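> This is the structure I want to talk about, given as structure tokens.
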Amino acid sequence: MIRLPDPGTGGTRRYEPRETPAEAVRGHHRTGTGAAVPLTSRTVLAAAHVVADPLADTSPGGPAALDWDATLAFRRHLWEHGLGVAEAMDTAQRGMGLDWAGAAELIRRSAAEAAAVGGLLACGVGTDQLGPHPSGSGAVPGQTLTAITAAYEEQLALTEDTGARAVLMASRALAAAARGPEDYEHVYGTLLRQASRPVILHWLGPMFDPALAGYWGSDDLDAATDTFLRIIAAHPERVDGVKVSLLDADREVALRRRLPQNVTCYTGDDFNYPRLIEGDEAGHSDALLGVFDPLAPLAAHAVRLLDSGDATAFRAVLDPTVPLARHLFQQPTRYYKTGVVLLAWLAGYQEHFTMVGGLQSARSLPHLARAYELADSLGLFPDPERAEQRMRLLLTVHGVAQ
């Protein structure tokens with residue numbers, strides 16, 4: 001029994017953890033030998049978190065210090081389930097503690113690891129070496145767009161040199177500098193023309209990053225969608241797919257149905273992923289999801305059921321995970337990484353709950369306790385007793401006596 005905070009009463013309540021993990025978790029044994037047999041009916045990538053070095057003498061505004069062994073071991077965990085890894089993305093605290101220098105090293109190391117184990121890897125390409133707002137007062141828009149394009153080009157070249165698939169991420173710098181849709185069409189058109197292989201375009205909504213409001217040149221999502229689709233239509237052979245993170249399932253389905261036939265829709269909707277991955281008579285979404293970082297064993301098991309043609313069983317496994325996902329990604333959504341790292345620590349995939357930039361403090365204790373409870377109820381922890389002991393330690397440190 002463990003005592004969890006109860007926000008409703010201002011006190012605590014008793015919770016009895018489960019004694020055994022879910023079969024999909026219990027039946028998987030980490031070997032470190034390589035990637036599992038790939039999933040076949042869907043391409044599924046988990047956006048992976050990074051493991052901070054807890055012994056580094058760092059400050060919240062300084063360069064990130066990573067525990068490379070633990071960070072790469074977690075990527076092997078994802079590959080061993082048959083999932084692909086989306087590297088250096090939002091889940092890895094890109095722009096929230098992980099700067100371009102750290103991201104570049106992460107891409108290099110993960111690409112080498114992927115090549116060694118045969119794992120699928122896609123890596124985030126952005127403009128964060130410019131900082132969040134490069135267009136200072138009096139900046140000439142043309143020069144600013146040139147700098148933004150050059151920053152993208154630098155990151156694209158590095159990523160392609162490693163052999164990884166590139167994900168062109170939304171740019172805070174471009175959102176700040178663009179005068180309208182034509183600037184987005186110019187920058188993305190330039191990048192797509194020079195990409196050596198098809199890329200994934202990423203539309204990250206402002207709920208994940210407020211600095212990205214009005215992306216594609218408009219706050220009107222219909223107008224923004226039209227611009228997005230024009231860019232794709234102008235270069236369909238250079239676009240492998242699009243990742244849509246707007247937390248609006250109906251809008252994603254509508255966009256998906258307007259994509260060229262050879263362009264894949266990768267859902268980034270951490271609220272509605274079971275429905276979107278299952279799809280309908282007109283098609284389905286593949287997946288590139290931050291929530292599949294903690295849900296990897298259950299997600300892989302569910303998609304293997306879909307591989308066998310059993311959509312009902314797929315939903316029976318994945319639908320119960322949605323309450324945990326919605327809890328982790330509740331407002332302010334951008335702090336979902338805190339819950340993701342908490343669950344990795346509780347599950348034993350890392351040995352501490354320290355985050356880059358001190359982001360372990362970004363969620364309240366009741367929020368973290370509820371994340372633990374929901375994950376435990378799903379059987380996500382390979383060793384429930386260890387998870388309970390670690391949660392007890394966290395609660396005790398924060399003043400909740402056990």
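The values are calculated or read from the model by the stated rules, or taken from the named source; none is laboratory data. None of the values given here were measured: they were computed from a predicted structure. Please note: Cβ atoms are built from the backbone with ideal geometry, for glycine as well, and neighbour counts cover all protein chains shown.
> Starting from residues that are part of a loop (DSSP other than H, G, I, E, B) and over 24 Å from the mean Cα position of the chain (by Cα), keep the ones in region 382-402 and report whichever is farthest from G11 (Cα to Cα).
Top of the filtered list is D383.
> Restricting to region 255-271, name every residue that is in contact with a helix residue (DSSP H, G or I) (Cβ under 8 Å, 6 or more places away or on another chain) and either among the small types (G, A, S) or within 19 Å of A48 (Cα to Cα) (or both).
T267, D269, D270, F271 - these are the residues of region 255-271 that are in contact with a helix residue (DSSP H, G or I) (Cβ under 8 Å, 6 or more places away or on another chain) and either among the small types (G, A, S) or within 19 Å of A48 (Cα to Cα) (or both).
> Now for a separate question. Does A195 meet the test of being small (G, A, S) and under 20 Å from the mean Cα position of the chain (by Cα)?
Considered against the rule, which asks whether it is small (G, A, S) and under 20 Å from the mean Cα position of the chain (by Cα), A195 comes out as no.
> Next question, about the same structure. Inspect region 374-381 for any residue being in contact with a Gly (Cβ under 7 Å, 6 or more places away or on another chain) and under 26 Å from T12 (Cβ atoms) and give the result as yes or no.
Checking region 374-381: not a single residue is in contact with a Gly (Cβ under 7 Å, 6 or more places away or on another chain) and under 26 Å from T12 (Cβ atoms).
> Among the strands (runs of 3 or more DSSP E) lying completely within region 1-69, list those that include at least 3 residues that are within 24 Å of the chain's Cα centre (by Cα) and modelled with pLDDT of 95 or more.
Working: elements: 2-6, 11-15, 44-47.
Correct list: 44-47.
> Also: Given the criterion surrounded by fewer than 20 Cβ atoms within 10 Å (Cβ to Cβ) and not aromatic (F, W, Y), identify the matching residue among A52, A73.
The match here is A73.
> Something else: When you go through (1) of a type in the set (D, E, K, R); (2) modelled with pLDDT under 95; (3) surrounded by fewer than 18 Cβ atoms within 10 Å (Cβ to Cβ) one by one for E154, which number turns out not to apply?
Single failed check for E154: (2).
> Out of everything in region 241-281 that is more than 24 Å from V317 (Cβ to Cβ) and of a type in the set (A, V, I, L, M), what residue ends up being surrounded by the most Cβ atoms within 10 Å (Cβ to Cβ)?
So, considering only residues that are more than 24 Å from V317 (Cβ to Cβ) and of a type in the set (A, V, I, L, M), the one surrounded by the most Cβ atoms within 10 Å (Cβ to Cβ) is V242.
> Sticking with this one: State all residues of region 288-331 that are over 17 Å from Y372 (Cα atoms) and β-branched (V, I, T); if no residue qualifies, say none.
V303, T312, V317
> Still on this structure, I have one more. Which condition from (1) more than 27 Å from G61 (Cα to Cα); (2) surrounded by fewer than 20 Cβ atoms within 10 Å (Cβ to Cβ); (3) within 19 Å of the chain's Cα centre (by Cα) is the one that G309 breaks?
Every listed condition holds for G309 apart from (3).
> Right, next: For region 1-26, give me each residue that is among the acidic types (D, E), surrounded by 11 or more Cβ atoms within 10 Å (Cβ to Cβ) and within 24 Å of T396 (Cβ to Cβ).
Selection gives D6 alone.
> Consider only pairs whose beta carbons are under 7 Å apart and that are at least six residues apart or on different chains; among these, list those whose first residue lies in region 320-334 and is modelled with pLDDT of 95 or more and whose second residue is in a helix (DSSP H, G or I) and of a type in the set (S, T, Y).
So the pair list comes out as L328/Y336; F329/Y336.
> Going by the conditions given, is V322 buried (at least 19 other Cβ atoms within 10 Å of the Cβ) and either farther than 22 Å from A211 by Cβ or polar (S, T, N, Q) (or both)?
Against the criterion (buried (at least 19 other Cβ atoms within 10 Å of the Cβ) and either farther than 22 Å from A211 by Cβ or polar (S, T, N, Q) (or both)), V322 does not qualify.
> How about region 314-359: which of its residues are over 18 Å from the mean Cα position of the chain (by Cα) and basic (K, R)?
The one that is over 18 Å from the mean Cα position of the chain (by Cα) and basic (K, R): R315.
> Here is a further query. Going by what's in this entry, would A176 be described as in contact (Cβ under 8 Å) with a residue 12 or more places away in the chain and in contact with a Lys or Arg (Cβ under 7 Å, 6 or more places away or on another chain)?
So A176 fails the test.
> L168 passes all but one of (1) closer than 24 Å to C265 by Cβ; (2) modelled with pLDDT under 95; (3) not acidic (D, E); which number fails?
Tallying (1) closer than 24 Å to C265 by Cβ; (2) modelled with pLDDT under 95; (3) not acidic (D, E), L168 fails exactly one: (2).
> Just for region 76-90: of the residues that are touching a helix residue (DSSP H, G or I) at 6+ places or on another chain (Cβ under 6 Å) and assigned to a helix (DSSP H, G or I), which one is nearest to G268 (Cα to Cα)?
Once the filter is applied, the top-ranked residue is L78.
> Could you list, in sequence order, all residues of region 117-140 that are more than 14 Å from D161 (Cβ to Cβ), outside any loop (DSSP other than H, G, I, E, B) and modelled with pLDDT of 95 or more?
A122, G124
> Quick one: how many residues across region 389-402 are surrounded by fewer than 22 Cβ atoms within 10 Å (Cβ to Cβ) and within 12 Å of L343 (Cα to Cα)?
Residues in region 389-402 being surrounded by fewer than 22 Cβ atoms within 10 Å (Cβ to Cβ) and within 12 Å of L343 (Cα to Cα): 1 in total.
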